[in-house]
Every structure is written in C-alpha cells, then in structure tokens.
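Chemist: My questions will all concern the structure given below.
Every read-out reported here was derived from the displayed coordinates using simple, explicitly stated rules and does not represent laboratory data. Since the structure is predicted, the reported quantities are computational estimates derived from the model, not experimental observations. Counting neighbours? That spans all protein chains shown, and the Cβs are built from the backbone with ideal geometry, glycine included.
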Amino acid sequence: MASTETKHEICSPLMPRRNALRKTCAEIVNEVRQSLRVQSTHRPFTPRDGHRQLFGSASIRDNRPPSAFSLHAQSFDASDSRPGSGTRLSPLDHKPKFSVPCDADNPFKALPKPPTSPVKPRRGLAGAGVRARLLRPGSLTRLPPLEGHRNVKEPLNAGPGQKQLSAKQLSSTDHTAGYSGPVKPGPHTTASERIVQSDVDSAVRPKDCKEDSTTEPERGDNKGNKEEDAESLMWNNVIVPLLQKLESAAAGGSEGSVDRLCDLCDRLHGTLAEADMLGRRCKKRSGILRTLFRLIDLNYAQLNMHIAQLCLALCVSGNNLLNICKLIFQISRTESNDILFQNNSVIDSLLRMLSNEHVSASGEAILYCVGTLKFLSGNTEILRILLDKNFICVAQKLIQKLCIVEETNLPIAGHILVQLTTILRNLADLSDSRPLFVSFSILPALCQVLQQHCEDQDVCMNISRIYSKLSSYSECRLALAQTPDCYQLFLELLSKHHQKQDLIVRLLFTLGNLTAKSDEPRLELFQCDGCMRTLLRLYDIYQRKDEPPHTVVQKGASPPVRPQVADDVLVKLVRVLANMCIHPAVGPPVAADTACIRLLMETLELRTVEESEELLVNVAAVINNLSFYQKETSAIKHNQLHIAKLMLKLLLSSSTGAMLEAVRVYGNLSHYEDVRNFIMRNKVHQFVVTLLDSKSNEMCFAACGVLTNLALDPPSRVCLMVEGASAKLVDCLRDFGLGDWQLAGQICQAVWNLTGGSSEKVLYTEERESLLEMLAAYLDEEEALNWTDNKDLRDFHRACWELEFLPVAQKLMKMLQSADLTA
C-alpha cells in the first residue's frame, strides 16, 4: 500500500472537486485505498549544449542559416539611412522610346557601348572628375565614404559675395556638411556638392520628406520653420561635435579609446532621445548611421553593443536590421559577453522587434534575434530578466504569427521555432514561469505547432522537453489534459518518430504524468485510435531481445538501439500501461491482450534485476494491476504459474523495490489454488513471513495479503504457525496499527484466517493476551482517533478505522474472548 502521505492525497490535482462538501467515509476510502499501483519515474535528463550555435551538432536541417559569419562596415547599406515616407511608388506604365534607329534583328546593335575601362579625366575639363567617379566599376555598391563637413559658420550654398567651398575643404576632417542632409541643387551648387548629394540621397525623395534647414523656408510655414531651425541648431551645435569626437577617438586606435567611444555613444543616444530625434524622425540620421557603421570595423564587443543599441533605437530596417541582429548574435555567442546585456535596453529592443516585425519580411532578422535570446537564456540571471520582461507573452504572439506563416510553407518559421522553443524550455525550469505558461495558453499553442511541424524533429524534441518538465505540475497537467486531441497527437508522433529515442522517452514520460492522477486521461488515451497498437509496437522495437553483439545493420534499416536508452524507453512505456489500466474500463481489455502479456513476461525473462531494476519493478507493477481483474478472458490468469515462477527472480534479489512488487503480485495471484501450492512447495511462504520484520508498513501490508490467502488452506496454516507467523503479526499490529488502520485491518484478517475462524486454541497465551489488550485499546474510538490535531487527517483515519479495521477487529476479539471462556 501507499505511505500515509500518499493515502492522504485524496483529491486529484488534475481534476478539480465539483463541490466543497465533505465526502463520506466510503468515498474517501474508495479513492485512497488503491489496490492498483500508480507508477512514478524520474524525468529524462536534458544536458546543456556547451556550444552556442543556432542548431545543435545532431541537427540535420536543410538550408539552415550559419552560426558563424563576418560583418564589416561594407555589409551595411547606405540607402536605409534615409527616413522613409511609408508609401510605395507605383511602376511606370510605358515603354521607352529610343532616339537612335534600331535594327529589327538586333535592337541593341545601334546603341552606344559603355567604355571598357574607367574614363581618365583630362585636366581643365569641368565635370571630368564627376564622370570618372560615376563610371568607376563597383562604386555604387559600396558604402560611400563619409563626406566632408563644412564649417558651421560657412553656408553650404555660397551666394553672391560669399566664399565657395573648394574640393579640398569637402574632403577635409571638418565634417559638418556630411550631416547637413539632402541639398537642393541651385545655380551656385558645385559639381562636387552634387556628387555628395547623389551618394546620400540617390533614391527618389519621398513626398513627406522636408527640405534641409539650410534652404530658404516656404512662406506661411512659420511653425515648420521653427521646428527645423531648432533641429538644425541641435544638429550643428551638439550632435555634429559628438560625431566628430567619435571619429577622432576611433582614429586613435588605442585600447583606452574603447571606453571613450562607448561613453560618446551613450551621450549621442541620450542627446537624440532628449531632442526627440530617435526612430526615423531625424532627417539627418544618414550621417549618424554611417559613422556608427564605420565603428563596427574596430571589432570591440562592448562598443558594438552600444552601436547596436543606438541603431535599433534609430529603427534601421531591411538589410541593416538583419546585420544589426547578426552583430548582436555574434556578441552573444561568447558567454563572457552576457554581462553586456544586463544593464542596457538591447533586450527590450529585441523583444519589441519580435512583437512588431513581420516574419515574411524580416524572418532572418527575427531568427538571429531569437537565437541571441536563446544563448542568453542559458544564463540564470538573464533568464530571470526575460521572465520579468514578459517574454512568455511575446513568445505566445510570435507563435501565432509563425503558425500563420507556416501556411505559406516558409522554412524560416521552423528555424525560428527551434530557437523559440529552446528559450521556453529553459524558462520552464523557473517556478514563477509555470502560471504564465498556463495563463498565456502556451501549452495548447505548442500542440498546434506540433501538428504543423510534426516532421521537424528539432521542434518536436524541444516541445517534448517542455511538456516533460511542466507535466510534473498539477496546473500544467490540467491545461495540457484539456487540450483537444493532444493524446492522439502524441500517439501519432510516437509512431512517426519511433526511431528518435530521446523524443520517444519524453513523450511517454508526459503521457505517464497525465495518466498518473486522474481516470479521465486514462480512458481518453486508451480510446484513441491505435493506442495499444502504437504502444505495443514501440514495446516490441525496444524490447532488446537477444541479438548477436556484432550485428550488421542493413542499408535503410533502423539503427541499433542502445541498451540504456532502450530500457529508459520501456520504463516510461510500461509506466503508461500501469497507470492506464487502473481505469476499470481499461484494465480488463488490456489484461485480455495476449500480445501485451507476452511482452511483459518476455521482459522478465530477458532482463536481470542488477541491470534493469526500475524496468522490472514497473513490469511487475503492470502485472499486479492487471491481475486485479480476474476474469476468464484474462491472459494473466491463463499464465499464472509462469508469472509466479518469474516473480521468484525479483523476490530473491537484493532490491527492496523488486521484492515489494513481487510480493504484491503474489498477493493477487495467491487467490488461485495452483499458485498457493507453488508458493508452499517452493518455500516462498518462509520468505514472506520474514518480510514481516522489515519495519516497513508497505512491505508488511503486502506480506499480510499473501499470508491471508495462504491461510485459507488448512495444511498451510500449520506451516505458517511453525514459522512464527502469528507472533510476527502481533508485533506488526503493535508497531503500525495506530497510524495505519488499513494495515491493522489486514493483520486482523490474517490472524483470523490462521485461527480458522474458530475458538480453537492456536495462539500462545502470551500472544493472545497481548492481542486482546491491543484490540481493546484500538476499538476505543476516543483513544484510537484523537492522537492527531490535523482535522483532515483525523477524518481520513476515522474513515479507514470504521470501514477497514472495526468490523474484522470486533469479530476477532469476540473469537479470542470465546476461546478464553472455553479454556
């Protein structure tokens, strides 16, 4: 029987009680006294991946993005540096007309051909340098160099009587003009200035993009002019000097300048925030981004974090957003850099990006973003930060978007889910996260992911790890058990991935947890299509029968199963069978399943207790549960003698757990006369009597059950009395009776059978007197039940005392008193 604590657990945590009324004594005992055993086992161990990679070394994914790459300033696009209008231009609907006559056979024959080599400008010709630069091969695909800045006191477009800027001044270290934004060409604009403008603003200007503050404002727009004047003053007087200091500090190249560069980036970030110039509102953000992109080539992790933080605040998009996410991902791959993420807003920016970006447009950027968070979730402190920042809510919304994207069969959705489910797996270790998994419906959402990605072993593996962790807790079990079709889904995954041993173990462990505490999941699982067929097929695959040690695996065949993994799979599978057959509608058909009983007996024959203790204990528990259903169709009944012989292996082992389960099986099988004769013939009764000295109420209860059945046969009573069974039973009643009324009732029943139910003098005088004294005390309700102050525990013991102990104890006491009077 279960321990006192286990017996007292009368309310299943999986199914809420329908009302708060107290249950009757009969209801309490019927729920608590479990002749059928619920099996438990340890959760599969999940080792930590020591290498920070997007996908583990065992992953075999197609077209998987790389975990290692190189990033330079040239990787970023200058076109994203301009503020966008938010509108798209429609394509032109016309065909170009050529002014040069075309050949009908070759329409491009008459067109002039571009020069094969760069044009060398001749001195004295205006615009030659411009053509040379525009026609230089590859000049338009690279990030353009930072343009020269004008002096703050000199206007860019020199009017009459003002000094024109020379080409030398444009390329000098004074960088004001480079940040002046797009400039409208005028009659006094030089060719070099038009080149600067072409690099910065080569695309079509959006309609809502305003002119730079250096141009003459339109009449009647005084408010806009004031805003532009304020932004221009902030730009020229504060931001430009900071950018100049950044470039000069970067040019120094010393290690000591890294802290200064980080400090300057912080000052720049704070200045832009105070001036409300973050996001895409700043018209001159192109100059800021160019400067930041160049600093990446210095390759300092601390500095790159500040750069990435500021770039995300400036809302980069497209290829630049992807590269920033890759940059952060690179930093997070080194575990010592975890501290860089704890005291800034990068994690907030990443979570905001996951909430706002669309998977179809920014899927790869989201992948590296979630990959970064996956690495960081291996750090307990950052894992707690993610929980506090409501990552589980963000994950739930992202899962919804990924399930929608999956309808378009984008492979990036599966890659992202591998990273996301790893983070959730790590979060499941935190006790504070479990209510959030339930409140945000993560467990049902993951079932939907399993349905859509049933072929993806990486995704299935991660989700199975989440379920194996959370299903050990009652509130999570309830949420998962109420998910429609989850049992059928698990069975389909077991069948589909039967060779994936780590996945199989965790799915079976989850099913074992679901069926451990409530009857409804037991019946629902059994009634699923192909339930027993799937479970028995797995049992047969992992049975690990006697095979030659050097078996050659044929091409295309399943790989050999490792013995340790095979046993772990069977432990979890047999536990599911043991829990499932507790339901009265499930037990009889399973007991009649000859294939199931054959596999169980085969396991007992193939394994030894020394190598597979937990497996054999669980198999014995299944046989014990199935032997409870003593119908004519039971395969247990037809193989009772064979099973009794197999139990000897467990009974004679050094494992206490194996001995206990074997005695329990003998307690059920000893209802049959053939099994009782086998026990007496092989002197098993001597071993059972010895177990009464085990000082374990569980072992004593099981042994009393066997002795109660053996004492039904008169020849067996004499053998039991010779072995001193009566004296040991009296000792057990003294040691355990007051705290375990079920055991006390079983002891009284065993003594009654030993006496044959008559006044015949079979007990020694000392034993009889001691027994009468204890029964008199135990039958006093006030003395027997007032030893505990716990009201619930006292009600439970009262129910057991009234139903299990009182009837048989009164009957035994009358018989003993009658024997005394006769004597």
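Chemist: Using the beta-carbon distance between D388 and K645 and R0 = 60 Å, what value does 1/(1 + (r/R0)^6) give for FRET efficiency, to the nearest 0.05? Mind showing how you got there, number by number?
Modeler: Numbers: r = 60 Å, r/R0 = 1.00.
E(calc), rounded to 0.05, equals 0.50.
Chemist: Which value in nm describes the separation of the simple spin-label points at A313 and A361, placed 7 Å from the Cα toward the beta carbon?
Modeler: For A313 paired with A361, the spin-label model returns 2.4 nm.
Chemist: Hey, quick one: spin label on T594, modelled 7 Å out along Cα-Cβ, who in the stretch 642-678 has an amide N within reach, i.e. under 17 Å?
Modeler: 642-643
Chemist: Would you be so kind as to identify which of T483, C447, L470 lies farthest towards the positive end of the dipole of the stretch 430-531, taking Lys and Arg as +1 and Asp and Glu as -1 on Cβ and the Cα centre as origin?
Modeler: Result: L470.
Chemist: Once the principal axes of the Cα atoms of the stretch 292-333 are found, what is the range along each, listed largest first in whole angstroms?
Modeler: 23, 20, 15
Chemist: Would you list D567, D229 from fewest to most Cβ contacts within 10 Å?
Modeler: Listed from fewest to most nearby Cβ atoms, that is D229, D567.
Chemist: Using only the alpha carbons of the stretch 554-691, determine the length spanned along each of the three principal axes and report them from longest to shortest in whole angstroms.
Modeler: The Cα atoms of the stretch 554-691 stretch 53, 35, 24 Å along their principal axes.
Chemist: Would you please give the FRET efficiency between D540 and A73, computed as 1/(1 + (r/R0)^6) with r the Cβ-Cβ distance and R0 = 56 Å, to the nearest 0.05? Kindly include the intermediate steps, with their values, before the conclusion.
Modeler: On the way: r = 61 Å, r/R0 = 1.09.
Working from the Cβ atoms, E equals 0.35.
Chemist: Listed highest first by mean packing, meaning other Cβ atoms within 10 Å per residue, what order do 624-632, 688-696 come in?
Modeler: Highest to lowest by the protection proxy: 624-632, 688-696.
Chemist: So for E802, E613, E769, fewest C-beta neighbours within 10 Å to most, what's the order?
Modeler: E769, E802, E613
Chemist: Mind checking the full-extension length gain between L233 and V718? Use 0.36 nm per residue of separation minus the Cα-Cα distance, one decimal, nm.
Modeler: Between L233 and V718, full extension yields an extra 163.5 nm.
Chemist: Separate question: For the stretch 407-485, what class follows from the C-alpha gyration tensor (a ≥ b ≥ c being the square roots of its eigenvalues): rounded when a/c is under 1.5, otherwise prolate if a/b is larger than b/c, else oblate? If you can, show how the numbers build up before the last one.
Modeler: Working: a/c = 2.13, a/b = 1.58, b/c = 1.35.
It is prolate, given that a/c is not under 1.5 and a/b is the larger ratio.
Chemist: In nanometres, what is the gap between the two model label sites at K397 and S439, each 7 Å from Cα along Cα-to-Cβ?
Modeler: Between K397 and S439, the label points sit 1.6 nm apart.
Chemist: Pick out, from T765, L733, N753, the residue whose Cα sits farthest towards the positive end of the charge dipole of the stretch 689-794, with +1 on the Cβ of Lys and Arg and -1 on the Cβ of Asp and Glu.
Modeler: N753
Chemist: Hey, another quick one. Given the Cα-Cα distance of T380 and D266 and 0.36 nm per residue of separation, how much length would full extension add, in nm?
Modeler: Net length gain for the segment: 38.3 nm.
Chemist: Have a look at the stretch 349-498 and give its Rg and Dmax from the Cα atoms, expressed in angstrom.
Modeler: 14.5, 42
Chemist: Got a sec? How would E524, E475 order by Cβ neighbour count within 10 Å, fewest to most? Mind dumping the intermediate values first?
Modeler: On the way: E524 19, E475 15.
Fewest to most other Cβ atoms nearby, the residues stand as E475, E524.
Chemist: What is the gain in length, in nm to one decimal, between D735 and E766 on full extension, counting 0.36 nm per residue of separation less the C-alpha to C-alpha distance?
Modeler: Extending this stretch completely gives an extra 9.5 nm.
Chemist: State, to one decimal in nm, how far the label point of D795 lies from the label point of Q564, with both points 7 Å from Cα in the Cβ direction.
Modeler: Result for the modelled spin labels: 4.8 nm.
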